[in-house]
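Below is one structure, written out as structure tokens; the observations come after it.
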Amino acid sequence: MDLLIISKRTAKALEEKNGALLKDIEKKGEVEIKLADGQLEIEGEGGTPWIASKVLKAIDFGFLPQHAYKLFKDNFFLEIVDLDIVLSNDKAIERLKGRIIGEQGRAKKTLQELTGAWIAISGNKVVVLGEFENLQLAKEGVLRLLEGAPHTGVYAYLERRNSERKYNLK
């Protein structure tokens, strides 16, 4: 059994349409989920509760359910970069989140396009979801931006890595 605390926003989404989203997760994850006061109790066999909790965390972080459902597959992962660990200054955290999001969300969109992974910023956390290699590449891009690298340099690096990956597959 796994216990998971979720936001009010996510709890509301899980309860909408007679709990359709919750029922869908239960079916796909082969688990039973009880929701009470923003707390989820997830029961199932083996590692299924753990995987279902990852899917629910992804939805709570702001990923679309169809992206979060990818975590039910063996080759998709979720990685969290906690900005509170790196910085304690709220102003600096907001600045770094702005570097990752970019003007009108363009930096985040470009990172996602170049890596094939999805990125969400929730609170003081940057969350990456994707297949292992794509996730690692996206995380590298995010970390380079957090270190202060210019956006154009990060994009060039990601494009170069993509070219290398494509060349190595042939």
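Below, the figures for the structure above:
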| read-out | value |
| --- | --- |
| Which listed residue is within 16 Å of the chain's Cα centre (by Cα) and open to solvent by less than 30 Å² (accessible area, probe 1.4 Å), from I59, I42, I121 | I59 |
| Cβ pairs under 7 Å, 6+ apart, first in segment 102-129 and under 24 Å from I85 (Cα atoms), second open to solvent by 40 Å² or more (accessible area, probe 1.4 Å) and among the β-branched types (V, I, T) | A107/I101; K108/I101; I121/I101; K125/I80; V127/I80 |
| Filter result for V81 (open to solvent by 70 Å² or more (accessible area, probe 1.4 Å) and hydrophobic (A, V, I, L, M, F, W, C)) | no |
| Every residue from segment 146-157 that is at pLDDT below 95 and touching a helix residue (DSSP H, G or I) at 6+ places or on another chain (Cβ under 6 Å) | L146 |
| Flag for A149 being farther than 24 Å from N75 by Cβ and free of Cβ contacts under 8 Å to residues at least 24 places away in the same chain | yes |
| Residue under evaluation K73, criteria (1) over 21 Å from A149 (Cα atoms); (2) open to solvent by less than 90 Å² (accessible area, probe 1.4 Å); (3) out of contact with any Ser or Thr (no Cβ under 8 Å at 6 or more places or on another chain), criterion not met | (2) |
| Close pairs from segment 1-28: first without any contact (Cβ under 8 Å) to a residue 60 or more places away in the chain, partner open to solvent by 40 Å² or more (accessible area, probe 1.4 Å) and among the polar types (S, T, N, Q), Cβ under 8 Å, at least 6 apart | L3/Q39; L4/Q39; I5/Q39; I6/Q39 |
| Residue list for segment 84-101, filter: of a type outside the set (A, V, I, L, M, F, W, C) and either free of Cβ contacts under 8 Å to residues at least 40 places away in the same chain or open to solvent by less than 30 Å² (accessible area, probe 1.4 Å) (or both) | S88, N89, D90, K91, E94, R95, K97, G98 |
| Conditions (1) among the acidic types (D, E); (2) closer than 29 Å to E147 by Cα; (3) in contact with a strand residue (DSSP E or B) (Cβ under 8 Å, 6 or more places away or on another chain); (4) in a helix (DSSP H, G or I): number failed by E26 | (2) |
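The values are calculated or read from the model by the stated rules, or taken from the named source; none is laboratory data. A quick note: this is a predicted structure, and the numbers were derived from the prediction, not measured. Using ideal geometry, Cβ is built from the backbone for each residue, glycine included, and neighbour counts are taken over all protein chains shown. Surface accessibility is based on the protein's heavy atoms, side chains included, excluding ligands, DNA and RNA. Shrake-Rupley method; radii C 1.70, N 1.55, O 1.52, S 1.80 Å.
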